[in-house]
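Single-structure report; data block below.
The values are calculated or read from the model by the stated rules, or taken from the named source; none is laboratory data. Given the structure is predicted, the values throughout are model-derived calculations rather than measurements. A quick note on method: Cβ atoms are made from the backbone with ideal geometry, for glycine too, and the neighbour counts reach across all protein chains shown. SASA here: full protein model, heavy atoms, side chains in, ligands and nucleic acids out. Shrake-Rupley method; radii C 1.70, N 1.55, O 1.52, S 1.80 Å.
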Amino acid sequence: MEKFQLDPAEYPLGKRIIKELSLLGLLLLILLFFGELKVVYLSAIFLMYILLLLLKRNRIIYEIKFDDDAKEIHLYYFYLIACKGLEKIPYSKIGFNMGLKRFGFGSAIETLELFKGKILAGEIRKEGKWKWSEENTKQLHEKLNQVANLK
């Protein structure tokens, strides 16, 4: 089983909390700008925040394993800051795309997107939040090309 892993210094709990709570702070500032804090508004903000964190695009992939015997890729990720998840994707259903992707205003980051069929399963960035090393990303892309040739 071949394994690729994000540097553990990139995703400690404290760093995940700070980066993910910045979104909650932004939502609260918007609420304060348009009105006052009320219980209903505050609970709606927390609900929207949790729903945003549950989106698949927000997965922090920290490890990928290729199981050649079962012909599956195992994606290990975080969601809701501390909850760990696992997604198994058969080689026959894996799709991937390497290219520039926009995050925010004017920033385009080289990103490796992984798909389960047509559904986005996660993404790996070379810069910014949860960045993987250039070497790791290149080796992972080569391995995905090998897997695509086995289909």
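Observations on the structure shown:
- Residues of the range 94-111 that turn out to be assigned to a strand (DSSP E or B) and open to solvent by 60 Å² or more (accessible area, probe 1.4 Å), as a count: 4
- Number of positions in the range 115-126 that are surrounded by 14 or more Cβ atoms within 10 Å (Cβ to Cβ) and not in a loop (DSSP other than H, G, I, E, B): 8
- Just one residue in the set 19, 15, 88 is among the basic types (Lys, Arg) and more than 16 Å from residue 131 (Cα to Cα); that residue is 88.
- Put simply, of 14, 35 the only residue that is of a type in the set (Gly, Ala, Ser), under 25 Å from residue 137 (Cα atoms), free of Cβ contacts under 8 Å to residues at least 40 places away in the same chain and loosely packed, with under 11 Cβ neighbours inside 10 Å is 14.
Conditions tested, residue by residue: (1) open to solvent by 50 Å² or more (accessible area, probe 1.4 Å); (2) outside any strand (DSSP E or B); (3) closer than 23 Å to residue 23 by Cβ; (4) touching a residue at least 60 places away in the same chain (Cβ under 8 Å).
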| position | (1), (2), (3), (4) |
| --- | --- |
| 78 | no, no, yes, yes |
| 86 | yes, no, no, no |
| 89 | no, no, no, no |
| 92 | yes, yes, no, no |
| 113 | no, no, yes, no |
| 135 | yes, yes, no, no |
| 140 | no, yes, no, yes |
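- Boolean, residue 43 is hydroxyl-bearing (Ser, Thr, Tyr), part of a helix (DSSP H, G or I) and within 25 Å of residue 133 (Cβ to Cβ): no
- Residue count for the range 1-40, restricted to those that are in a loop (DSSP other than H, G, I, E, B) and farther than 22 Å from residue 61 by Cβ: 4.
- Search result, residues across the range 52-76 that are open to solvent by 60 Å² or more (accessible area, probe 1.4 Å) and at pLDDT 80 or above: 68, 69, 71
- Among (1) part of a loop (DSSP other than H, G, I, E, B); (2) over 12 Å from the mean Cα position of the chain (by Cα) - the single one residue 129 does not satisfy: (2)
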